[in-house]
């Protein structure tokens with residue numbers, strides 16, 4: 001599948017924003033976020049900026065963005081529609097929580113932040129199911145895809161929150177520990193996922209796609225058109241195998257393992273150095289996730305290429 | 001509504017039956033499809049770089065050619081590929097806006113271009129590559145089964161079928177109700193062992209393809225053309241004797 005830059009940026013930025021909201025709600029309910037109202041407002045503000053930037057970027061993928069409001073109507077059947085509804089619903093408790101902080105209603109602020117955390121989780125899950133429900137793409141309709149989106153969103157959100165807490169002079173050890181745990185989980189999951197898609201059986205063959213398998217081995221002879229077309233450009237994207245492997249390694253080590261390690265280091269080092277480590281970890285994680293999402297597209301194969309290439 | 005319509009008993013399922021035995025790969029179905037539909041309900045079907053290198057455009061029908069099998073049992077098969085109007089159409093259920101829909105009355109899968117936001121998720125969901133994006137208008141386009149011909153009372157009744165069926169010079173394309181077991185197309189599918197494409201996707205396509213017929217292997221032995229014909233006998237007397245003795 002051709003990597004869509006607008007969607008790659010969307011899932012990384014919004015994913016981090018939703019992860020940030022999730023941890024704020026959870027740690028706030030656990031009484032682990034300090035009582036400083038300004039800090040909570042900053043966290044909610046940054047989360048909403050990331051989420052909104054991502055959502056705006058996703059509109060760039062549309063052929064008719066001015067009609068985007070229509071996408072909220074088909075939540076009964078469509079995961080994309082559910083994602084849109086969940087994304088908009090998340091704004092309500094998130095902004096509500098910020099307003100409660102401003103008015104000093106801290107009890108309500110904690111409760112609404114917890115609701116926002118649940119909405120965030122639901123939104124990221126809906127995003128993952130858009131991909132996981134597409135049967136013709138075996139690398140997407142894979143059981144590890146939803147878990148991957150959720151875990152990596154919680155990883156980048158935890159790294160962000162830890163950085164913000166360290167910069168604000170608070171103790172970042174709880175979110176740093178979460179970044180370590182979810183970074184490790186994410187690395188393990190991606191490793192397992194790549195192993196699985198490399199050995200997965202093809203969904204179909206040219207023989208079953210054309211029904212000509214009953215005659216014998218089927219292979220393309222003449223293409224239907226001499227030039228490219230939308231289908232070949234959109235579904236036929238191919239990334240050189242050796243590049244895919246090195247990009248996977250970079251994602252795994254620089255984007256997931258190293259930030260998790262830096263988060264672990266920050267647990268034992270206190271003070272401004274910890275803040276610096278966490279900042280570097282967050283930037284690495286976000287860059288790594290951009291690469292990971294790009295690979296999600298680039299490595300995905302679609303059954304329609306059977307008709308053109310036979311594989 | 002992007003939920004699929006409930007199937008009723010005797011559900012009408014309009015679709016195509018394509019005979020891979022008689023298709024000669026002439027592209028007339030694809031060409032006539034483009035001609036009709038570029039001014040039909042999904043008009044226009046745009047072209048890009050139409051008069052220079054890299055010319056391409058939106059087509060609803062693509063005719064591939066394949067080789068299957070080896071040696072004397074092998075076949076060269078021309079294979080037209082278009083929307084199969086699936087019963088279990090994922091391109092419909094993934095649509096977030098309700099633009100993509102399956103008609104309850106005849107099962108035709110259509111796109112309402114006024115509602116389409118151009119997210120292209122339906123094209124990703126189609127296993128068969130039946131949907132092509134109109135990059136000029138930013139909306140998805142697809143085969144309409146010539147819904148603007150088959151019910152059109154302004155054209156002669158004999159022509160009220162999809163443009164691809166009308167133009168096929170070898171009669172390899174058939175149109176009808178595949179939900180009715182007594183219809184001509186259903187009988188044809190039953191008689192020839194028609195099959196569906198990629199059944200493992202469980203999209204339950206309505207269209208059927210008829211397999212190429214088995215090779216007729218000529219009888220072994222002395223080729224008939226070895227015997228002299230009356231034309232080979234130059235002398236009229238000998239020709240007369242041949243005629244008498246042959247009797």
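At a Förster distance of 51 Å, what's the computed FRET efficiency of residue A:253 paired with residue B:229, Cβ-Cβ distance as r, to 0.05? Mind dumping the intermediate values first?
On the way: r = 82 Å, r/R0 = 1.61.
Efficiency at R0 = 51 Å is approximately 0.05.
Taking label points 7 Å from Cα along the Cα-to-Cβ direction, residue B:159 and residue B:7 give a separation of 3.6 nm. Here, segment B:98-220 is characterised by an Rg to Rh ratio of 1.03, where Rg is the alpha-carbon radius of gyration and Rh the Kirkwood radius.
For the listed peptides A:46-57, B:232-243, B:85-96, a ranking on the average number of other beta carbons within 10 Å per residue, highest first, reads B:85-96, A:46-57, B:232-243.
Protection proxy ranking for A:279-285, A:194-200, A:26-32, using the average of other Cβ atoms within 10 Å per residue and placing the highest first: A:279-285, A:26-32, A:194-200. The mean number of partner chain beta-carbon atoms within 10 angstrom of a residue's beta-carbon across peptide B:202-211 is 1.
Against the compact-protein benchmark of 2.2 N^0.38 Å, the Cα-based radius of gyration of segment A:5-309 scales to 1.11.
Here, segment B:28-95 is characterised by an Rg to Rh ratio of 1.10, where Rg is the alpha-carbon radius of gyration and Rh the Kirkwood radius. With a 10 Å cut-off around each Cβ of A:229-237, the average count of Cβ atoms from other chains is 6. With contacts taken as Cα pairs under 8 Å at a separation of at least 6 residues, chain B carries a relative contact order of 26 percent. Taking a ≥ b ≥ c as the square roots of the eigenvalues of the alpha carbon gyration tensor, chain B is prolate, as a/c is not under 1.5 and a/b beats b/c.
Stokes-Einstein diffusion of the protein assembly as shown at 20 °C, 1.002 mPa s viscosity, Kirkwood radius from Cα pairs, rounded to a whole number: 80 µm²/s.
Spin-label pair residue A:283-residue B:103: with each label point 7 Å from Cα along the Cα-Cβ axis, the two points sit 5.9 nm from one another. For segment B:72-210, relative contact order (Cα pairs under 8 Å, six or more residues apart, normalised by length) works out to 21 percent. The long axis of helix B:236-246 is offset from the longest Cα principal axis of chain B by roughly 70 degrees. Each principal axis of the Cα cloud of segment A:10-77 was taken in turn, and the coordinate range along them, longest first, works out to 45, 25, 18 Å.
Computed from Cα positions, the angle between helix A:272-298 and the longest principal axis of chain A comes to roughly 20 degrees. In this label model, residue B:180 and residue A:226 are separated by 4.4 nm, measuring between points 7 Å along each Cα→Cβ vector. Of the three principal axes defined by the Cα atoms of segment A:160-236, the extents in descending order read 70, 28, 13 Å. For the pair residue A:269 and residue B:202, a Förster radius of 56 Å applied to the C-beta separation gives a FRET efficiency near 0.55, rounded to the nearest 0.05.
For the segment A:54-61, counting C-beta atoms of other chains within 10 Å of every residue's C-beta and taking the mean gives 1.
Remark on segment A:154-311: hydrodynamic radius 18.2 angstrom, per the Kirkwood mean of 1/r across alpha carbon pairs. Axis angle, to the nearest 10 degrees, between helix A:106-132 and the longest C-alpha principal axis of chain A: 10 degrees. Hey, what D do you get for segment A:1-117 in µm²/s if you plug the Kirkwood alpha-carbon radius into Stokes-Einstein at 10 °C and 1.306 mPa s? Value of D from the Cα-based Kirkwood radius: 106 µm²/s.
Report relative contact order for chain A in percent, whole number only (criteria: Cα-Cα under 8 Å, sequence separation at least 6).
Across chain A, relative contact order equals 25 percent.
Each value in this text was obtained by applying a stated rule to the coordinates, not by laboratory testing. The structure displayed is predicted, hence computed values, not measured ones. Cβ atoms come from the backbone with ideal geometry, glycine included; neighbour counts cover every protein chain shown.
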